[in-house]
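Report on the structure given below.
Any read-out appearing in this document is the output of simple, stated calculations on the displayed coordinates, not a laboratory observation. Every value quoted in this text rests on a predicted model; they were computed, and no experiment measured them. When we count neighbours, we look across all protein chains shown, and the Cβ atoms used for this are built from the backbone with ideal geometry, even at glycine.
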Amino acid sequence: MNYSALEEEIERLHPASFSWALACCGWSRHEAEEVLQVAYFKVLEGRARFDGRSTLKTWLFGVIRKTAADQRRRRLFEVLALHRWFSRREAPAKAPPADEQLGQEQRRARVVHALAQLAARQREVLDLVFYQEMTVEEAAQVMGVTVGTARVHYDRGKRRLLEKLSAEDCG
């Protein structure tokens, strides 16, 4: 794929890519913007290369996921260094949970809250399949797991999500 075609395809996928970056960054808009910018630079500078073994969208989502993980790891090291340096000061306040940030709609807040209670891989595969419109097979590639593992997380995640939402309706 030539450079201009790659640029066009990335531009076309931007809304879905930003949504996926948000999910990978715990719904922090600032972090998602930073991760997406770094991922785009990796792709456009050739540090991440599309080899055609999957769709471009699946590959790009994998680059975004790995970039988000790298950013989290980098932030963790920075926080640990700062903690050592300022050992006597209070730890910085954490950002409010996703369900409070997205509390505009009651139903959306309930779903976000229920999703937050799922295991990370269950949450990740459900996001890829339902919000990013990927197949379970494509989600498995993005997550770097086997298709069987992705299917197990997908089925368990759907069941647990239904249980959480049903419990809230009854409670």
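For every residue, the table says whether it meets (1) touching a Cys at 6+ places or on another chain (Cβ under 7 Å); (2) buried (at least 16 other Cβ atoms within 10 Å of the Cβ); (3) among the β-branched types (Val, Ile, Thr).
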position: Tyr3; (1), (2), (3): no, no, no
position: Ile10; (1), (2), (3): no, yes, yes
position: Cys24; (1), (2), (3): no, yes, no
position: Ser28; (1), (2), (3): no, yes, no
position: Glu33; (1), (2), (3): no, no, no
position: Gln37; (1), (2), (3): no, no, no
position: Phe41; (1), (2), (3): no, no, no
position: Glu45; (1), (2), (3): no, no, no
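What number of residues within the stretch 39-65 are charged (D, E, K, R) and either under 17 Å from Ala23 (Cα atoms) or in contact with a strand residue (DSSP E or B) (Cβ under 7 Å, 6 or more places away or on another chain) (or both)?
Count: 2.
What are the residues in the stretch 25-49 that are in a helix (DSSP H, G or I) and under 13 Å from Trp59 (Cα atoms), if any?
Of everything in the stretch 25-49, those that are in a helix (DSSP H, G or I) and under 13 Å from Trp59 (Cα atoms) turn out to be Ala39, Tyr40, Lys42, Val43.
If you take the residues in the stretch 121-140 that are polar (S, T, N, Q) and surrounded by fewer than 21 Cβ atoms within 10 Å (Cβ to Cβ), which one is nearest to Ala23 (Cα to Cα)?
Across the stretch 121-140, the extreme among qualifying residues is Gln132.
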